[in-house]
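Working notes for the structure below.
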Amino acid sequence: MKYHVYLSGEIHTNWRDKIKRAIHQYDLPIVLMTPNTDHASSDDCGDNILGAEEQNFWKDHKAAKINSIRHTTAIKRADIVIVRFGEKYRQWNAAFDAGMAAALGKSLIVEHPAEFTHPLKEIDAAAHAVAENTEQVIEILRYLTLEY
């Protein structure tokens, strides 16, 4: 079986690269989809494409709407949505993606450090698996793609 997997969440570490390398290394039948992980490009897409805004609200509003086209389309196409909550920033967008995935009935894997268990308890309760590190996520993907 081939899976389409959307990698949502924090963009400040190389966790996506680890998953990509593992997919290649183990020749897993997985197609990856990701958000735009270039922070500046993502934040500035509305201004760069549709024209500059004087107020930050409207700048962010335009960028969020454009980026949501990519996120929503990928989540709808995905068989599995993986959402990673990193340690450095609050990722409201990741929580939104996890909620959208749950609402659409997508298989949801969540990754976060143990100290986030309480604040993310509702998201964890909706997830099919909760991992504490990317290596555990990779092992889940390896298990899901085993052929018996």
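The values are calculated or read from the model by the stated rules, or taken from the named source; none is laboratory data. A quick note: this is a predicted structure, and the numbers were derived from the prediction, not measured. For neighbour counting, all protein chains shown are included, and Cβ atoms are generated from backbone atoms with ideal geometry for every residue, glycine included. For the accessible areas, the whole protein counts, side chains as well, though only heavy atoms, and no ligand, DNA or RNA atoms are used. Shrake-Rupley method; radii C 1.70, N 1.55, O 1.52, S 1.80 Å.
Restricting 128, 112 to residues that are surrounded by 12 or more Cβ atoms within 10 Å (Cβ to Cβ), modelled with pLDDT of 95 or more and touching an Asp or Glu at 6+ places or on another chain (Cβ under 8 Å) narrows the list to 112.
The single residue among 68, 42 that is polar (S, T, N, Q), out of contact with any helix residue (DSSP H, G or I) (no Cβ under 8 Å at 6 or more places or on another chain) and open to solvent by less than 60 Å² (accessible area, probe 1.4 Å) turns out to be 68.
For the range 19-39, the set of residues classified as out of contact with any strand residue (DSSP E or B) (no Cβ under 6 Å at 6 or more places or on another chain) and either open to solvent by less than 70 Å² (accessible area, probe 1.4 Å) or among the hydrophobic types (A, V, I, L, M, F, W, C) (or both) consists of 19, 22, 28, 29, 35, 36, 37, listed by residue number.
Within the range 14-45, the only residue that satisfies the criterion of being more than 21 Å from the chain's Cα centre (by Cα) and assigned to a helix (DSSP H, G or I) is 25.
Condition check for residue 4 on (1) open to solvent by less than 40 Å² (accessible area, probe 1.4 Å); (2) touching a helix residue (DSSP H, G or I) at 6+ places or on another chain (Cβ under 8 Å); (3) at pLDDT 95 or above: one failure, at (1).
Only residues that are assigned to a loop (DSSP other than H, G, I, E, B) and touching a residue at least 60 places away in the same chain (Cβ under 8 Å) were counted across the range 77-99, and they come to 7.
When the range 82-98 is limited to residues that are within 16 Å of residue 37 (Cβ to Cβ) and crowded, with 19+ Cβ neighbours inside 10 Å, the one that is modelled with the lowest pLDDT turns out to be 91. Filtering the range 46-64 to residues that are hydrophobic (A, V, I, L, M, F, W, C) and either within 30 Å of residue 17 (Cβ to Cβ) or not in a helix (DSSP H, G or I) (or both) leaves 49, 52, 63, 64.
For residue 105, the criteria (1) closer than 23 Å to residue 125 by Cα; (2) modelled with pLDDT under 95; (3) open to solvent by 40 Å² or more (accessible area, probe 1.4 Å); (4) part of a loop (DSSP other than H, G, I, E, B) hold in every case but one, which is (2). Within the span defined as the range 65-76, one or more residues are of a type in the set (Lys, Arg), closer than 26 Å to residue 143 by Cβ and in a helix (DSSP H, G or I).
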